[in-house]
Amino acid sequence: MTLLQFAIVLLLGAIAVLLGVFIGYQAAQGRLRDLRARNAQLAAQLQLCEEAEVRAEALEALGEASYNALLLLDELHRVVHLNAVARRLFTVEKGSDIAPGSTLLALTRHHEIDDLVTETLESGEDVESQVMFDDQVFRVRSHLVRTDGEPLVGLALQDISELQRLGRARRDMVANVSHELRTPITSLRLLADTLKRDERLAEHGLWLLDKIDDEIDTLEQIAQELLDLATIESGRAEFILKPVPAAEIIERAVQHFTEQARRNGLEIEVQAPPDLIAMADAQQVERVLGNLLHNAIKFTPEGGRITIQVERANDKLQFSVTDTGVGIPHDERSRVFERFYRGDRARRGGGTGLGLAIAKHIVQLHGGTIWAEEPPNPPGARLVFTLPTPEE
Ligand SMILES: Nc1ncnc2c1ncn2[C@@H]1O[C@H](COP(=O)(O)OP(=O)(O)OP(=O)(O)O)[C@@H](O)[C@H]1O
Ligand SMILES: [Mg+2]
């Protein structure tokens, strides 16, 4: 081999080695790039995990701060999560996990609560109810969420025993006070009557006594209305629902007010087909109509007209009292049913603001609704309520 040939072989060898090194370097670079990309991916995933953890901790803190017992359940009613109040309520010790796969029924042993979850899963809608648990009354609400198609049901239980107790105490107090007021009111009336018969009394004295009489009337009405409201609210009022012709109830209610309407220069018109039958406590409904008629007379100036109507509306009867008086402003139409609510000074007309509150309770106890609406020919007011029918 000549020197030249040897040099060429050496050169070729060197080139081959260099090529090998170059290819190896390129491959290593590629792998490095892959590793870097994977690294970045893992870092992003880690960040997401950390964020999810922070969010889960924040949500847990929120749950722990709640006064309500909160539970999260899966499709098979298994408890996924519960807060401290729920643990205490269902006596699961804090810190100790509930047995894996425990169902709501195993935890609470309460079928009604379990049924709420079934209903929510089936309907997909929020369900609300009241249940008794451990001698306490709870308002329960359930809500459905879907995460990745998997249904989860959130359940919140609010202890309302104290609220109910306070409501009862308020009603009892109102009932007692109004009952106690009756005796002094009766005595006042007797004293005023005795004074009126005193012949030595001057004209001015008599005039003052008439004023006293008016005030006693108002006092008596307040006491009676408070007592009625407390009795109805407490559920102690006896409601006996029977089929009664609507026209009969209306006729009896109107009779009471014919004279007063005539004195005020008002006309009362009744539109009541004789075949409409309501499922109602006639005396109580007479009371509702009486309160509405009394208002219509009070708030309608001389020359006005009051129309009482009853008609069938789906499976209910719809009663309405429409007048041509001052009317009820739009933004007051739901407030007039609140206890003691009275419109502005111009529309007070002497009253305690309990008439419509009582009417609302009576209608609701019949399973009906009551509302105020725009009359067909304003100005004026129109009060409407519904009652069940025997078919319903
Ligand atoms: N027909 C009506 N026209 C105009 N305003 C009305 C009518 N009915 C009720 N209102 C308004 O609603 C308020 C509440 O009525 P509600 O019957 O409850 O109380 P009241 O009539 O003031 O007092 P009470 O009925 O206790 O004697 C009234 O003060 C009045 O402002
Ligand atoms: Mg009234």
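By its C-alpha gyration tensor, with a ≥ b ≥ c as the square roots of the eigenvalues, how is segment 285-371 shaped: rounded for a/c under 1.5, else prolate for a/b larger than b/c, else oblate? All intermediate terms of the calculation are to be shown ahead of the outcome.
Working: a/c = 1.89, a/b = 1.31, b/c = 1.45.
It comes out oblate by the Cα gyration axes.
Treat every Asp and Glu Cβ in segment 242-388 as -1 and every Lys and Arg Cβ as +1, leave all other atoms uncharged, and give the resulting dipole magnitude about the Cα centre to the nearest 20 debye.
On the way: 18 positive and 18 negative charges, 106 e Å.
Dipole about the Cα centre, nearest 20: 500 debye.
Tell me, what is the percent relative contact order of segment 78-226, built from C-alpha pairs under 8 Å that lie six or more residues apart?
Numbers: 123 pairs, mean separation 18.6, N = 149.
Taking the mean separation of contacting Cα pairs over the length of segment 78-226, I get 13 percent.
How would you classify segment 167-276 from its alpha-carbon gyration tensor, with a ≥ b ≥ c the square roots of the eigenvalues: rounded for a/c under 1.5, else prolate if a/b is greater than b/c, otherwise oblate? Provide the component values of the computation, followed by the final result.
Values: a/c = 3.46, a/b = 1.30, b/c = 2.67.
It is oblate, given that a/c is not under 1.5 and a/b is not larger than b/c.
Ranked from highest to lowest mean number of other Cβ atoms within 10 Å per residue, what is the order of the peptides 141-154, 294-307, 58-71? All intermediate terms of the calculation are to be shown ahead of the outcome.
Values: 141-154: 13.2, 294-307: 18.6, 58-71: 14.8.
Going by the mean number of other Cβ atoms within 10 Å, highest first, we get 294-307, 58-71, 141-154.
With charges set only on the Cβ (+1 for Lys and Arg, -1 for Asp and Glu), what does the dipole of the chain come to about its Cα centre, in debye to the nearest 20?
Values: 42 positive and 61 negative charges, 216 e Å.
Computed about the Cα centre, the dipole is about 1040 debye.
Working from Cα positions, state the angle (0 to 90°, nearest 10) between the long axis of helix 203-234 and the longest principal axis of the chain.
40 degrees
So which of Lys211/Lys360; Lys242/Lys316; Lys242/Lys298 end up more than 22 Å apart by C-alpha?
On the way: Lys211/Lys360 32 Å; Lys242/Lys316 15 Å; Lys242/Lys298 31 Å.
Where the Cα-Cα span goes over 22 Å, the pairs concerned are Lys211/Lys360; Lys242/Lys298.
As a test of the definition: which semi-axes, in Å, follow for the chain when you take the square root of five times each eigenvalue of its alpha carbon gyration tensor? Largest first, please. Walk me through the intermediate numbers first.
On the way: eigenvalues 1253, 146, 103 Å².
Working from the Cα gyration tensor, I get semi-axes of 79, 27, 23 Å.
Find the relative contact order for segment 296-392 and round it to a whole percent, using C-alpha pairs within less than 8 Å whose residues are 6+ positions apart.
Details: 176 pairs, mean separation 31.6, N = 97.
Across segment 296-392, relative contact order equals 33 percent.
Top mean-square fluctuation among Gln271, Gln283, Gln26, Gaussian network model of the chain, C-alpha springs under 10 Å?
Gln26
Assuming R0 = 45 Å, what is the FRET efficiency of Ala84 and Phe239, from their Cβ-Cβ distance, to the nearest 0.05? Walk me through the numbers before you get to the answer.
On the way: r = 43 Å, r/R0 = 0.96.
In this case the efficiency is close to 0.55.
From the Cα gyration tensor of segment 321-392, with a ≥ b ≥ c the square roots of its eigenvalues, which class applies: rounded if a/c is under 1.5, or else prolate if a/b is larger than b/c, or else oblate? Present the calculation step by step, with values, prior to reporting the outcome.
Numbers: a/c = 2.61, a/b = 1.43, b/c = 1.83.
Oblate is the answer for segment 321-392, as a/c is 1.5 or above yet b/c matches or exceeds a/b.
Please report the relative contact order for segment 66-159, taking Cα pairs under 8 Å with a sequence separation of at least 6, and give it as a percent rounded to a whole number.
Numbers: 164 pairs, mean separation 28.9, N = 94.
It comes to 31 percent, rounded to a whole number.
Show that you can apply the helix-only estimate: for the chain, add -39,500 (n - 2.57) for every DSSP H stretch of four or more residues, divide by all residues, and state [θ] at 222 nm to the nearest 500. Provide the component values of the computation, followed by the final result.
Numbers: 9 runs with 201 residues, N = 392.
After summing the helix terms and dividing by the residues of the chain, the value is -18000 deg cm²/dmol.
Place +1 on the Cβ of every Lys and Arg and -1 on the Cβ of every Asp and Glu in segment 163-234, take the dipole about the Cα centre, and give the residue among Ile216, Met173, Pro184 whose Cα lies farthest towards its positive end.
So the residue we want is Met173.
Could you name the aspartates and glutamates whose alpha carbon sits less than 20 Å from that of Lys196, not counting residues in the same chain fewer than 8 places away?
Leaving aside aspartates and glutamates fewer than 8 places away in the same chain, those within reach of Lys196 are Asp210, Asp213, Asp214, Glu215, Asp217, Glu220.
Coordinate-derived values only; no laboratory data. Being a predicted model, the structure only gives us computed values, none of them experimental. A quick note on method: Cβ atoms are made from the backbone with ideal geometry, for glycine too, and the neighbour counts reach across all protein chains shown.
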